[in-house]
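What follows is one structure encoded as structure tokens, with my remarks underneath.
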């Protein structure tokens, strides 16, 4: 975290690129016009009018339904994300982080055995369990809406520490591969309850934004995040965001 250091779009992109190659985000409607490696998280459109789809990028009213790791809909998701605050509302809009390692530890042993080796599908905007993603998909092109789902392990292994973590997330996951809808929903609810419990028992950190703040976090498993949609919607909230690097998500094997 870096406090009180306003950056131009080019400076922010150059800073972010020190940690890996920058990906262009799937939501082309939010690309910065001069630095397309940056996407906006903002609640207004280019004309300054309120934009609901933009306002819901990265934030939600119900924290339990908002936890996610970025670009899980990609075959090789982002390794890291950086965000820089340009304009912020008078209050609210914190970004929250929770330990998905802790969430895995909270799973009942029987459930750990049940989900071992399972994979979960992801697709942006096609999560029937979460209406928020349907709003987010409004700005996707028809071609991007038609992209196939991808799958990743329900339980991942962190690329460095090797620790297990829940990787399924309530914002973007569409269902568990090979299971019927009812069984998939049952398992996902247990996983998401554990994520929410992990965020409620001292394993959550909330960043209270100030103009000029930059934060960077990793997406290789072990960390979930979401923002709070609890700020005055008539006040501007504008952030720059970069998507950094990419890599495969490894499955966790309990015998390791």
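Since every read-out is calculated from the coordinates, none of them should be taken as a lab result. Since we're looking at a predicted model, the values are computed, not measured. Note that each Cβ is placed from the backbone with ideal geometry, even for glycine, and that neighbours are counted across all protein chains shown.
Counting helices only, and only those DSSP H runs with n ≥ 4, report the 222 nm mean residue ellipticity of the chain as the sum of -39,500 (n - 2.57) divided by its residues, in deg cm²/dmol to the nearest 500.
Counting only the DSSP helices, I get -6000 deg cm²/dmol.
Treating each Cα of the stretch 1-138 as an identical point scatterer and ignoring solvent, apply the Debye formula and state log10 I(q)/I(0) at q = 0.22 Å⁻¹.
-1.74
Sort 100-111, 238-249 by the packing proxy (mean of other Cβ within 10 Å over each peptide's residues), most packed first. Don't skip to the end; give the middle numbers.
Details: 100-111: 17.7, 238-249: 20.9.
With the highest mean Cβ count within 10 Å placed first, the list reads 238-249, 100-111.
Could you work out the relative contact order of the chain? I mean the mean sequence separation of Cα pairs under 8 Å and 6+ apart, divided by the number of residues, in percent.
Values: 595 pairs, mean separation 101.2, N = 256.
For the chain, the relative contact order is 40 percent.
Counting DSSP beta bridges with both partners in the chain, what percentage is antiparallel, nearest 5?
95
Restricting the calculation to Cα positions, tell me the Rg (one decimal) and the Dmax (whole number) of the stretch 78-219 in Å.
Over the stretch 78-219's Cα set, Rg and Dmax evaluate to 16.6, 47 Å.
Hey, got the Cα dimensions of the chain along the principal axes, in Å, largest first?
Principal-axis extents of the Cα atoms in the chain, largest first: 51, 36, 33 Å.
Please compute the Kirkwood hydrodynamic radius over the stretch 168-256, one decimal place, Å, based on all pairs of different Cα atoms.
Final number for the Kirkwood radius of the stretch 168-256 is 16.6 Å.
Could you tell me the distance between the Cα centroids of the stretch 92-128 and the stretch 21-74, to the nearest Å?
Each part reduced to its Cα centre gives a spacing of 22 Å.
Taking the Cα atoms only, what angle lies between the long axis of helix 181-200 and the longest principal axis of the chain, rounded to 10 degrees?
So the helix axis and the longest Cα principal axis differ by about 60 degrees.
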